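See below for the structure under consideration.
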Amino acid sequence: MQTDEQQDPDGEEQDGLLMVPIATALIAEDGRILHWSADAESLLGYSAEEAVGALAAQILVTEDQRSEVLELFESIVAGRAWSGVFPVLHRAGHHVNLEFRTHPIAGADGRPLVLAVASDVTALRRLQADLTVLDGFFTQSPVGMAVYDPELRFVRLNDALAQVNGMPVDEHIGHRVSEILPGINADEVETVMRQVLNTGRAVIDTRSHGRTPGDPDHDRAWSASYFRLDRPDGEVLGVSSTIVDVTEHYLAEARAARATERLALLVDATASIGTTLDLRRTARELAEAMVPRVCDVSGVYALERLVSGKPDDASGDRWVRRLALSTVDPEYPVEHLPTEAVYRIPPDTAYAEAMAAGRTVVAPSWELPLLGPGIPEERMPAYRGKRSRSVRIAPLVARGAVLGMVVYSRRGERESFGEADITLGDELVSRAAVAIDNARLYQRQHDIVLARAHALREAKAAQERLALVNAASTNIGTTLDLAQTARELALVATPRLADTVVVEVLDTLIRGEETQPPGRADRSAVLRRMAFHTTPASGMEPVAAVGSVHRFHPSTPYSWALAHRRPLLVPRWDDSAKTWFADDPVRAAAAEREGVRSLMVVPLIARGAAVGVAAFYRNVTEHPYTEDDLALAAELAARAAVSIDNALLYTRERDAARQRQVALEEAHAAQQRLALLNEASTRIGTTLDLHRTAMELVETVIPRFADFVTVDLLETVVEGEEPGAIPQDGPALLRAVAVGEIGESGVMAGAADSVGEASRSAKLYAESLRSGRSILVSEVDEAALHRIVASPDRVEPSLAAGVHSYLMVPLLARGVVLGGAEFIRTGNPEPFGAADVALAEELAARAAVCIDNARLYRRERDTALTLQRSLLPQEVHRSLGLEIAYRYLPSSVVSEVGGDWFDVVPLSGGRVALIVGDVMGHGIRAAATMGQLRTVARTLITMDIDPVRVMRRLDEAASAVGEGQFATCVCVVYDPLDRSCTACCAGHLPPVVGTAAGTAQLLDLPAGAPLGIGGVPFESVRFSLPEDGILVLYTDGLVERRDQDLDEGLEVLRQTVAERRPTLEQTCDAVLETLGAHTGQDDIAVIMAHVHPMESYQLAVLPLADDLAMVGHARRFTRSTLADWGLTALTDLAELLTSELITNALTHAGSPTELRLFRNRLLTVEVADVDSHPPTLRRAEDSDEGGRGMHLVNELAHRWGSRSTTDGKVVWYELELPPGSPGGPH
C-alpha cells in the first residue's frame, strides 16, 4: 500500500500497478474517530486534524444513511466483522464507493474498537485489469521476454524465449544465462545486464550470437534490449529484457559489410589508381591497391614495345617490363625482382596464354616459369612459398588491345580467392588498364606536345625577333638627331635582347671629318658615347658618361669589330672572355663588378663604311647569347647604322642649310611680297565699284601684311567729280570707304572712322597727302599717336588695341592724289620696314588706278544712264479700253548701260502701239542707237504706217547706224473698237497673252530677223485679245539666265502671267520678282496691257450709207452724243467738220460706211469709206463751189489724218477737249 511519502509532489494519486491507496481508520465504541491515515485523507478529503475526534456518522454519511450505519456499527462493535462496498460522503459533498473490511478489536483498556480498512473500488478494478493486460502481454508476446533478479537469475520468462533457447521455462528459473546457454557470448550479455542493473540506463538493440540447445548446428543472432525494474520506493527488483531473433538480418549485414569493404576498396582504387598520367606510377598504384586486400603478392608488367617504343623481335616472342611489385610477405625476395627488368614471355606459358586470349588465366605457382632469373637458389623457397597456391594472371586490356599483365596470388594459410575477390581483382585490373592506356597515350601525346612546344618556342623566338626588327623599323630613326637615334637603338634592344646597351660613334664623323675607320695598321678606335640604357633590374653603371670621347685599345672587342667589320660574340664571361679586355683594365673590372654574363659587340655599318659600334650586355638574363641573338643584333645595328649615317649627313648639311636658310628666308619674303602683289593684281579692281575696290585692297593685305587697314578718299572723288586740290595747310576732307581688321574682335573700332563717315584728316595724314609720299612710323608711342589719329579721344583705344607700327600711303593715280591708305600692326610683332613701305606703295598704286577707273566709269555710266532715261518714255497715258503697266530695270551686274527700250504710242481712233526693243551690246553707243531706233519707230507709228512697214524702215535705219549694230523689236497695234491687234516681230521673243480664266500662252509670231541685218522680209499677224485679257511685251533680260535654259525662263513667265494678281501693277511686280529681275545680268524692259471694256461715254458708232441724207443724220448724231458726253462746247465745230468728212466721202470716196466718236484725252471723230486713196488738200479756185472741206478740217482740227484699212480707209480728226471737261485740260 502507498504511504504518505509515496505520493507525487502535487498530492495527486499515482495510477498504475502497486499504487492503489488503502485507507485505515480506528473508531471508538462511541463512534468517534481515533486514527485517520493519509490514504483516508486522500480518498475522502478530510485531514487527520479534521477527522480525529469527530463522529464518523456525522461527517462520512448523509442523514438518510446515518441510522443504517449506526446499526451496522453496533453490530461490528458487538464482535461481528463486516466487509463490503459502501458509498462514503466526501468532504466535497460527493460520494466515493469504497470497499470496506472491518475488524472489531479491543483497546489497551479493554474497551472495544473498530478497525476499518477501505480502498477505492474504481482503483482496485483498474489494478485488476492492468494485471490481466500485463500478464497477457508477457505470456502471449512473440518476442522473447524475461525478468532477472539482481543476481541476474531468471525470475520469469515467456514461452517465446524458452523456444528460442530450446529449453522449458522451468529449467531457466533460478539460473543465469551463462549457465543455461554456454554456446553464445553469454559473458558479454551478462556484462550488459550488470551495467543496466548498476546505472539504471536502458540498453537498446545490443547484439548476441552463437548456438543454442534449440539449434545446436547453426549460428544465430539476436537483438536484445534491457531495462531495470524498480519499486516505487526505489528498491531495485531486477532486470527485464526483450529478445528478437535477427539471424537473417545479421547475415545480410555481414554480406553488406563485406560488399561495402570491397566497394570501399574499389572506390579507393579508383581514387588512387591513375591519379597521374605517369605509366610507372599508375602501375605502382595498382599493385599497392591489390595488396593486401585482394592478394599477398602483386606484380604489374607492361609490353616492352609500349614502354620503350621498340617493336617485338622477329621471333614473335613478347617482352614485358616489370613496372611495379608489391607484397606483404617480408620473406618474399623483392631485392631480386627489380622494377624496369625486361623478360621474354615463352609462347607456351600461362603468361602468353593470358595475353593472347585477353582473359585471366589461373595456374599453380610451382608450375609457372620464373619471372626473375636472378633469384639465388637459397631464395627460391621464399619465392615459391611453402605450398603451391593458385596464381592469377590477368591481362591489362584497354580499347581491345593487350597492354601487359598483372600477376597476383595469396600466400601461406590465407583462404583462396572467393568469387567476390576474383571480381574485385578483375575490376581493379580493368580500371588500371584504362589508366595505364591513358598514361601511355598521354606519354605519346606528351612527346608530341614537347616536340610541338619546341617548334613553337622556336617559332615564337623567331616571331619575337621579327617583332623586334619591326619595332626597330618603326622606332629607330624617327628623327635625324644623332643622339636620339642612338638612344632609340638602345631602347628598342632592351630588355628583349639585352639588359644593357651602349652605342658608340666615331668621333671624327661627329666632328664632320671624312675619316676611315681603324684598319689593320692601327686598330685603335676613338669613339664618342652616344647612348647608354639599362633595365632597372640590371642596374649597370656606365664606365663613361654619354657624350664623352675615349680611345679603345686595338685588342678590345670594340676596336676589333670596327677593324674587321664583323660582329663579335662572347657567350660567357670566362677566362677566354677576359682576354678581350686584357689591355682595358677599367672595363674588365667594371664587367666583373656588374656581373656581366654574356656580351655582343656589333659594328654599325652604313654605305659600306663603319660609323660606330653597339655593345649588348646581359648581367641579369641567365641565357647566354647565341648565334641567333648575334644575327638579330646585327639586323638592329644595320637599321640603326643607316639612321645614324643619315643623322650624320643631316648634321653635316644642317650648317650649310642654315646659311642657305637665311638667303631662302629673304627670298621667301620677297616671294611673299611678289605673291601679294600678284594676288593684288587679280583681287583688286575686279569691279568698277569704288567702294568694292577699296575693300578689296583691305581684304588683300589682312592679315599677311597688316592687322588693321583703312582707306579714305577725298570727298570729291567719292562724289564722282575730279579730285580737288589738297589744302596747303590744315586737314583735308575725307570719307572712309573701307575699314578692315584681323579677326572679329573689333578692338580698333573706336580708333577709326566708320565706313561712309566723313571727317577731317589727322596732321600726319594730311602731310602725306600734300607731299604725295608715304610716311612710316616704325615704332608707335603715345606721342606719335597724337599725330596719327584725327582726334585725341582715339589715342587710348589705339593704345589699348596694341598699335605699335604705322604706315600711311597716299593713293596716287595719273599724278593726282585720290586719298590715302593706313596700314597698322597690332598682333604682328614685326614693325614695318623699308621693304614693307615699297610693297605698300605698290599695292596702293594699283588700288588707286582701279579706284580712279571706277570713278571715271561711274561718271560715264551716270552719263549713259541719263541719256538712256531721257530716250525712254517720260509719261505713258492711259488708252481707251487698255490699262498700261511698265518697268525698266538697268542691269545690276553689267558695268555699262544697255540698249533696251519700250514705247507706248497713242494713235488715232483710240488705238495704241506697244513697242519693245533691245539693241545688242552695252554702253553709250548702244544707248544712242536705242534712242535713234525709238525715235524712228515712234515717228513711223504715228504716221499710221503698218507694223510690217515700220519694221522694214527700222531695219534700214539700224543698218545705216553702223556695222555691227543689231537690235530686236516687237510692235503691237491695239484697236479698242474690236480688241484686235496687229503684231510684227524682228528677232524678238514672242509676247505673252493671258486670259481672265487663268491661262496664258506665248503668241506664235513669225520670228523675223534682227534689225540691222538688211533685206529680210517681215510679216504681221492679226489676233484679238480676250475680254479682261493681258498682253505682255518684254526684253530677253527678263527670262535669260546663264545657268538656265531660255525655255525654262519663258515657261516661268507664262505661269506667272497666268496667276493673275488683283491689279496689273501687282502682276507686273510679281513677274519681276518671280524671275529675279532685280538681280539680273542684263537690262529689262516690260510692258503689260490689260484689256478693259469700253464705256458708253467713250465710244459712239453710227453706220452710214451712200445717201446725202447721211450728212444731216450724222450731224444730229454728233450733236446728241456730245451733249450726252458733256461736250456741248465742241458741238458746232464737230458738226461742221464731221459733215465735211462725210460729204467728202460721198463726193470722192464712193460711199461712207461708218461714223465713230472717241473720247479720251482728245475727241476723235472718224469716217470710214470704201475708197483706199487718202484725201488730199488742193487749192480751190474762187469760182469753185467745192474743194474747201479738207482745208477746213486742216485749219480747224487739232490734228487730222487718214489710214488704210482692209475695206478702204478711215479719215479722222481730233479736237482738244474744252478746259474743265472730264479728260480735258484743267
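The values are calculated or read from the model by the stated rules, or taken from the named source; none is laboratory data. Everything numeric here is computed off the predicted structure, so don't read it as measured data. Ideal geometry is used to build each Cβ from the backbone, glycine not excepted, and the neighbour counts take in all protein chains shown.
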Might you let me know whether region 1122-1133 holds any residue that is touching a Pro at 6+ places or on another chain (Cβ under 9 Å) and assigned to a loop (DSSP other than H, G, I, E, B)?
yes
Does ALA647 count as surrounded by 22 or more Cβ atoms within 10 Å (Cβ to Cβ), touching a Ser or Thr at 6+ places or on another chain (Cβ under 9 Å) and hydrophobic (A, V, I, L, M, F, W, C)?
yes
Within region 298-357, the count of residues that are touching a Leu at 6+ places or on another chain (Cβ under 8 Å), in a strand (DSSP E or B) and not charged (D, E, K, R) comes to 12
Residue satisfying condition, being crowded, with 21+ Cβ neighbours inside 10 Å, within 58 Å of the chain's Cα centre (by Cα) and under 23 Å from GLY898 (Cβ atoms), within set LEU1038, LEU989, LEU1050
LEU1038
Any residue in region 1077-1101 that is β-branched (Val, Ile, Thr) sitting within a Cβ distance under 8 Å of a residue that is surrounded by fewer than 16 Cβ atoms within 10 Å (Cβ to Cβ) and modelled with pLDDT under 80? List the pairs, counting only those 6 or more apart or interchain.
THR1079/SER892; THR1079/VAL893
Restricting attention to region 702-746, the residues that are buried (at least 20 other Cβ atoms within 10 Å of the Cβ), over 17 Å from ALA790 (Cα atoms) and hydrophobic (A, V, I, L, M, F, W, C) number exactly 4
May I ask you to say which residue of ALA537, ALA589, ALA561 is assigned to a loop (DSSP other than H, G, I, E, B) and hydrophobic (A, V, I, L, M, F, W, C)?
ALA537
Any residue that is touching a strand residue (DSSP E or B) at 6+ places or on another chain (Cβ under 8 Å) and either closer than 30 Å to ALA467 by Cα or not in a loop (DSSP other than H, G, I, E, B) (or both) - is there at least one of those in region 650-657?
no
Under the condition of being in a loop (DSSP other than H, G, I, E, B) and small (Gly, Ala, Ser), which residue from region 815-853 is nearest to LEU733 (Cα to Cα)?
GLY815
So if I check each of ALA588, ALA610, ALA614, which one is free of Cβ contacts under 8 Å to residues at least 40 places away in the same chain, in the same structural domain as ARG496 (by TED's automatic domain parsing) and of a type in the set (A, V, I, L, M, F, W, C)?
ALA588
Residue, farthest from ARG176 (Cα to Cα), within region 196-221, restricted to residues that are among the polar types (S, T, N, Q) and exposed (fewer than 15 other Cβ atoms within 10 Å of the Cβ):
THR199
Of these, ASP978, ASP1004, which one is out of contact with any His (no Cβ under 9 Å at 6 or more places or on another chain), modelled with pLDDT under 90 and surrounded by fewer than 18 Cβ atoms within 10 Å (Cβ to Cβ)?
ASP978
Is it the case that some residue within region 721-733 is of a type in the set (Gly, Ala, Ser) and either in contact (Cβ under 8 Å) with a residue 40 or more places away in the chain or part of a helix (DSSP H, G or I) (or both)?
no
Apart from one, (1) out of contact with any Lys or Arg (no Cβ under 6 Å at 6 or more places or on another chain); (2) buried (at least 23 other Cβ atoms within 10 Å of the Cβ) all hold for PRO603; the odd one out is (1)
Take region 700-721 and flag every residue that is out of contact with any helix residue (DSSP H, G or I) (no Cβ under 7 Å at 6 or more places or on another chain) and either closer than 18 Å to MET748 by Cβ or of a type in the set (D, E, K, R) (or both).
ILE702, PRO703, ALA706, ASP707, PHE708, THR710, ASP712, GLU715, GLU719, GLU721
Of all residues being among the aliphatic types (A, V, I, L, M) and either in contact (Cβ under 8 Å) with a residue 60 or more places away in the chain or outside any helix (DSSP H, G or I) (or both) in region 424-443, which is surrounded by the most Cβ atoms within 10 Å (Cβ to Cβ)? Just the residue, please.
ALA432
Among the residues of region 931-950, count how many are under 18 Å from GLU1019 (Cα atoms), in contact with a helix residue (DSSP H, G or I) (Cβ under 9 Å, 6 or more places away or on another chain) and touching a residue at least 24 places away in the same chain (Cβ under 8 Å).
5
Filter region 613-649 for residues that are assigned to a helix (DSSP H, G or I) and in contact with a Pro (Cβ under 6 Å, 6 or more places away or on another chain) and give the result.
LEU630, ALA634
Of the residues PRO338, PRO376, which is touching a residue at least 40 places away in the same chain (Cβ under 8 Å) and exposed (fewer than 13 other Cβ atoms within 10 Å of the Cβ)?
PRO376
Quick check on region 793-814. Is at least one of its residues touching a residue at least 60 places away in the same chain (Cβ under 8 Å) and assigned to a helix (DSSP H, G or I)?
yes
What pairs come up if the first residue lies in region 201-214 and is within 19 Å of ASP187 (Cβ to Cβ), the second is among the aromatic types (Phe, Trp, Tyr) and not in a strand (DSSP E or B), and their beta carbons are under 7 Å apart, counting only those six or more places apart or on different chains?
HIS209/TYR250
Need pairs with beta-carbon distance below 7 Å; first residue closer than 14 Å to VAL1193 by Cβ and in contact (Cβ under 8 Å) with a residue 12 or more places away in the chain and within region 1159-1181, second of a type in the set (A, V, I, L, M, F, W, C) and surrounded by fewer than 14 Cβ atoms within 10 Å (Cβ to Cβ); sequence gap 6+ or separate chains.
none
Give region 149-168 a look and list any residue that's modelled with pLDDT of 85 or more, out of contact with any Ser or Thr (no Cβ under 9 Å at 6 or more places or on another chain) and over 19 Å from LEU229 (Cβ atoms), or say none.
PRO168
Tell me which of these SER119 doesn't satisfy, since it passes every other one: (1) farther than 18 Å from GLU29 by Cβ; (2) in contact with a Phe, Trp or Tyr (Cβ under 8 Å, 6 or more places away or on another chain); (3) among the polar types (S, T, N, Q).
(2)
For region 783-806, how many residues are more than 59 Å from the chain's Cα centre (by Cα) and surrounded by fewer than 14 Cβ atoms within 10 Å (Cβ to Cβ)?
3
